[in-house]
Amino acid sequence: MPNLIDYLEKVKELTFDQEPLNILDKVCINEIGYLTYEKWLSASDLQKTINLHDYAEGKDLNPDYSFMVTKERVELAKAMVRSRRFAGLNLSDYRSVLDKEVEKQFAAMIFSLPELDYQHIVFRGTDDSIIGWKEDFQLTYSREIPAHRSAIAFLFEHLPNLSGHITVSGHSKGGNLALYSAVQSSTALREQIAELLLLDSPGLMKSLLEKPSYQEVKSKMTVIRPQDSVVGVMLYWDMPAQLVAAEGIGISQHNALTWQVDPKIRDFIYVDQPTEMSQRLEETFQEWIETLPNQQLKQVCDLFFDTILDSGIESLDDLGIKTLPKLGQLLQEFGNLTDQQKKVLQDGFNQLLWIFWKSGNKKSSLPKLELPDFIKKLGELTNND
């Protein structure tokens, strides 16, 4: 089925006068927010407004691919910046921070189309860093994470300088940052935002959905997620999402380049209902958050991710055949946990699995869930070396 790259092939020679800016264009702009521009552009260039079409002209855009900078995303970017349609697309105010001390992964930037007086603030979702994934987990028990504060500061710094139609968007954690920062900003700044585009992103804590500031932005929100969403059903929403047909199942549908489009009508292909699995996951995540005390969720998070970091694994790109020594160290680190630490991890994850099982077996009695002590087995394996 056609995807965003196929759509761009259809419209690459069409100006915005010939074919108005649409939802597919906006999602394409959001997607190229995942590219690591600091590896292509100098620090001084990133302080300026860069026309991406002019920059790319005559250059071979072949970066090192990674978990975040995928071949498909690079192909999408190439199709955009080399097209007539996006010849005027500019990048400015790029910021990317990975701070291990405060456990923050944050990136934001502004894309603009001057001919339309269109400004698009993009908050990047989770990258390949373990710190970024730990920060995601912190959303389950923390009202505010470090990246939230950075997102609020980014809007405070840049929104007053923008005019025209302003879209604020994000995919995955980026959508959560976009929504949270809008809700927590001043009324004057919220009024500047014309649209909040939230793409398969976690919702908010229940308490934030009750704030008057959330109600102020609710009418500006467009929530899109795939039919078999995993990430987008985390936390809480009080408005329905537009559900998109997508290739693959489960977490593979988190990638917006798997979302099916209809190039003729310049829109996604929508479906009426989520899958049963996505519905069960939504119920599971919410009950898990409500069942486990915040302190226990924090303990599970800290133990799990800090053990990974202690093994020398700092990125998802460190997980693979070429990094077997680090994987061996990871097993050793889990094996070295105390019995109490292992119990905290097992109890937390057992509870999650129990709730998920229960969501699909509501009419039957709950058997005792006997799971193998995975961490104990890892410890036995490493101690037998």
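The values are calculated or read from the model by the stated rules, or taken from the named source; none is laboratory data. These numbers were taken from a predicted model, which means no experiment stands behind them. Ideal geometry is used to build each Cβ from the backbone, glycine not excepted, and the neighbour counts take in all protein chains shown.
Quick notes on this one:
- Residue in the range 86-95 that is assigned to a loop (DSSP other than H, G, I, E, B), buried (at least 21 other Cβ atoms within 10 Å of the Cβ) and modelled with pLDDT of 95 or more present: yes
- Selection over the range 102-154 of residues that are among the β-branched types (V, I, T), in a helix (DSSP H, G or I), at pLDDT below 80 and touching a helix residue (DSSP H, G or I) at 6+ places or on another chain (Cβ under 6 Å) gives a count of 1.
- One residue alone among K326, K343 is over 30 Å from T222 (Cα atoms), at pLDDT 80 or above and either among the hydrophobic types (A, V, I, L, M, F, W, C) or part of a helix (DSSP H, G or I) (or both), and that residue is K343.
- Residue among D6, D93, D54 that alone is farther than 25 Å from R266 by Cα and more than 22 Å from the chain's Cα centre (by Cα): D54
- Apart from one condition, I251 fits all of (1) under 29 Å from E101 (Cβ atoms); (2) at pLDDT below 85; the exception is (1).
- In the condition set (1) in a loop (DSSP other than H, G, I, E, B); (2) surrounded by fewer than 19 Cβ atoms within 10 Å (Cβ to Cβ); (3) free of Cβ contacts under 8 Å to residues at least 60 places away in the same chain, L98 is compliant with all but (1).
- Counted residues, the range 195-247 - those being in contact (Cβ under 8 Å) with a residue 24 or more places away in the chain, assigned to a loop (DSSP other than H, G, I, E, B), out of contact with any His (no Cβ under 7 Å at 6 or more places or on another chain) and within 17 Å of S169 (Cα to Cα): 4
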